[in-house]
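**Student:** Structure incoming, see below.
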Amino acid sequence: MKLATGITVIKNGQLFDGTGAEPVPDGAVLIEDGIITFAGKAVDLPEVADDVEQIDACGGTIMPGLVEAHFHPTYFNVAALVDLDIKYPVEYVSILAACNAKLALECGYTSARSGGSLFNIDVWMKKGIEEDLIPGPRLAASGREICGAGGLMDWNPEFRQIGMEGLILLVNGPDEARSAVRTLVKDGVEWVKTYPTGDAAAPDANDHHTLCMTFEEMHAVVQTSHNHNIKVTGHCRATQGIINALRAGYDAIEHGSFMNDEALDLLLERDVAVVPALYFEQASIENGPAYGMPQSVIDGHQETLEGGAESARRILAAGGRLGMGGDFGFAWNPHGDYAKELEFFVNYVGLKPIDVIKCATKTGAELMDRDHELGTLEKGKLADVLVVPGNVLDDISLLQKRDQFITVMQGGFKRAGILS
Ligand SMILES: [Zn+2]
């Protein structure tokens, strides 16, 4: 992705740098050729020429661009799970995914980590974004996901003879798990996403307390991925699935719904980040019935929500790390609502706004393995900056009002917001 040229000053706002430090009431950011060269108190701002570009934050908040840490660009607000794989051909889903990427950027998400994609769309979309062909967040791609045969994502009955070619690589045993990883290596993914456990969303054979992969399969995925310097994560709700993933060497955990003491100790010992994606549960409970979601599924989401909220609180309180991402892309939890996850963590889970925003910026960048250049407003980092009217630490729902954003900046370019 190109960097802007020239000098820009952003001032007249409270600076929240994303490191977890207290905000600076009268802050300023200096950007030179797309890189931050100063972020701090306005009185300490180095002298610049009068004719450089000035952005007035209007007394609002100057903060790092957000990171969607569990982004499904190819989920096109489907009303039924099966539509994720077979409703449209890959050509059309690629277009829908590009629209979702543009929307995410307009929502202030300057980076996103894919949580799985139809075919290899996210890998190629990343190339299109990096080459400035289409607007979107800086991406970490994961392509197709790996699930044990008969697991959560293997939903087509045998008599249909259609498999799960688009969304999932189904595996039976460690050899097939290795083979699936090697396919993904050739595809060019950065993360391998797996399904160690089931989910309340599809409770027929695999609910939120069941396992969909063996430890041996998971370990084979990790070994092979790590040989190629690729990271591994997994949809882990059931306690034993979380423990298996941590023992197998997973680099991140998605959901981490039902953590017990053993799982938490392992997590902290290995300093593995968790992306809970909790608002999805709430949205399913609230909006699912309108889409025909059965009560048994709603009940499962309620149990997952309560377990997940408690696990998230315990992880952060014990010094662990959480990424903010929301599994958006279902009719009841559509793209564009990303920042509802942040408000939910403040209002329902009970975390402090300053902690939630750090999770959504700094930890997100760490999950993308790009914290040396993204995620905080510090000297030397890429100028991925979000300027929002009002104080987001007082009212985190301001991050949902994209039509009021002053600017969404990537590498010093104003990509969205009123000034773009
Ligand atoms: Zn997901």
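**Student:** Residue under question is VAL48, and the condition is that it be over 23 Å from the mean Cα position of the chain (by Cα), in a loop (DSSP other than H, G, I, E, B) and not assigned by TED's automatic domain parsing to the domain that holds VAL275; does it hold?
**Tutor:** Criteria met by VAL48.
**Student:** Being assigned by TED's automatic domain parsing to the domain that holds THR197, surrounded by 24 or more Cβ atoms within 10 Å (Cβ to Cβ) and out of contact with any Asp or Glu (no Cβ under 8 Å at 6 or more places or on another chain) is true for just one of LEU342, LEU351. Which residue is that?
**Tutor:** LEU342
**Student:** More than 23 Å from ASP337 (Cβ to Cβ) and surrounded by 15 or more Cβ atoms within 10 Å (Cβ to Cβ): does that describe GLY136?
**Tutor:** Criteria not met by GLY136.
**Student:** Quick one: which of ASP33, ASP26 is away from the ligand (no atom under 16 Å from the Cβ), under 23 Å from ASP371 (Cα atoms) and out of contact with any Cys (no Cβ under 6 Å at 6 or more places or on another chain)?
**Tutor:** That would be ASP33, the only listed residue that is away from the ligand (no atom under 16 Å from the Cβ), under 23 Å from ASP371 (Cα atoms) and out of contact with any Cys (no Cβ under 6 Å at 6 or more places or on another chain).
**Student:** Here's another thing I want to ask about it. Starting from region 166-178, take each residue that is free of Cβ contacts under 8 Å to residues at least 60 places away in the same chain and list its partners that are assigned to a helix (DSSP H, G or I) and of a type in the set (Val, Ile, Thr), counting only C-beta distances under 7 angstrom and pairs at least six apart or across chains.
**Tutor:** Cβ pairs passing all conditions: LEU169/THR183; ALA177/VAL221; ARG178/THR224.
**Student:** Continuing with this model, one more query. Where in region 218-308 are there helices (runs of 4 or more DSSP H), lying wholly inside it, with at least 1 residues that are within 15 Å of the ligand (Cβ to nearest atom), under 27 Å from LYS358 (Cα atoms) and of a type in the set (Asp, Glu)?
**Tutor:** Here the list reads 279-287.
**Student:** Looking at region 265-286 only, could you name the residues that are in contact (Cβ under 8 Å) with a residue 24 or more places away in the chain and of a type in the set (Val, Ile, Thr)?
**Tutor:** VAL272, VAL274, VAL275
**Student:** So which of MET63, MET1 is touching a Leu at 6+ places or on another chain (Cβ under 9 Å), within 30 Å of THR194 (Cα to Cα) and either in a strand (DSSP E or B) or in contact (Cβ under 8 Å) with a residue 60 or more places away in the chain (or both)?
**Tutor:** Unique residue meeting the criteria: MET1.
**Student:** Tell me which residues, restricted to region 172-198, are in a loop (DSSP other than H, G, I, E, B) and in contact with an Asp or Glu (Cβ under 7 Å, 6 or more places away or on another chain).
**Tutor:** Result: GLY198, single match.
**Student:** May I pose another question? On the given criteria, is GLY319 of a type outside the set (A, V, I, L, M, F, W, C) and crowded, with 22+ Cβ neighbours inside 10 Å?
**Tutor:** So GLY319 does not fit the description; no.
**Student:** Among the residues that make up region 29-46, is at least one of them without any contact (Cβ under 8 Å) to a residue 60 or more places away in the chain and buried (at least 21 other Cβ atoms within 10 Å of the Cβ)?
**Tutor:** Within region 29-46, one or more residues are without any contact (Cβ under 8 Å) to a residue 60 or more places away in the chain and buried (at least 21 other Cβ atoms within 10 Å of the Cβ).
**Student:** Conditions first: (1) more than 16 Å from the ligand (Cβ to nearest atom); (2) in a loop (DSSP other than H, G, I, E, B); (3) touching a His at 6+ places or on another chain (Cβ under 9 Å). LEU152 passes all but one, so which condition is the exception?
**Tutor:** Going through (1) more than 16 Å from the ligand (Cβ to nearest atom); (2) in a loop (DSSP other than H, G, I, E, B); (3) touching a His at 6+ places or on another chain (Cβ under 9 Å) one by one, LEU152 breaks only (1).
**Student:** Kindly evaluate LYS11 against the criterion of being basic (Lys, Arg), over 30 Å from ILE162 (Cα atoms) and outside any loop (DSSP other than H, G, I, E, B).
**Tutor:** Yes; evaluated as a whole, the condition is true for this residue.
**Student:** While we're here: Limited to region 108-123, what total is found for residues that are more than 12 Å from the ligand (Cβ to nearest atom) and either out of contact with any Gly (no Cβ under 6 Å at 6 or more places or on another chain) or under 16 Å from MET368 (Cβ atoms) (or both)?
**Tutor:** 8
**Student:** For a quick check of your reading of the model, give me the residue pairs whose first member lies in region 395-420 and is touching a residue at least 24 places away in the same chain (Cβ under 8 Å), whose second is among the basic types (Lys, Arg) and part of a loop (DSSP other than H, G, I, E, B), with beta-carbon atoms closer than 7 Å and at least 6 apart or on different chains.
**Tutor:** Every condition considered, the pairs that remain are GLY411/LYS2.
**Student:** Identify, from the list GLY115, GLY128, the residue that is outside the structural domain of LEU386 (by TED's automatic domain parsing) and touching a Lys or Arg at 6+ places or on another chain (Cβ under 8 Å).
**Tutor:** Matching residue, one of GLY115, GLY128: GLY115.
**Student:** Considering only region 56-94, state which residues are of a type in the set (A, V, I, L, M) and within 15 Å of the ligand (Cβ to nearest atom).
**Tutor:** The answer is ALA69, VAL78, LEU81, LEU84.
**Student:** Just to verify a result, which residue in region 325-343, among those that are within 12 Å of the chain's Cα centre (by Cα) and acidic (Asp, Glu), is nearest to the ligand (Cβ to nearest atom)?
**Tutor:** ASP327
The values are calculated or read from the model by the stated rules, or taken from the named source; none is laboratory data. Keep in mind the model is a prediction, meaning the values are calculated, not measured. Virtual Cβ from ideal backbone geometry, glycine too; neighbours counted across all protein chains shown.
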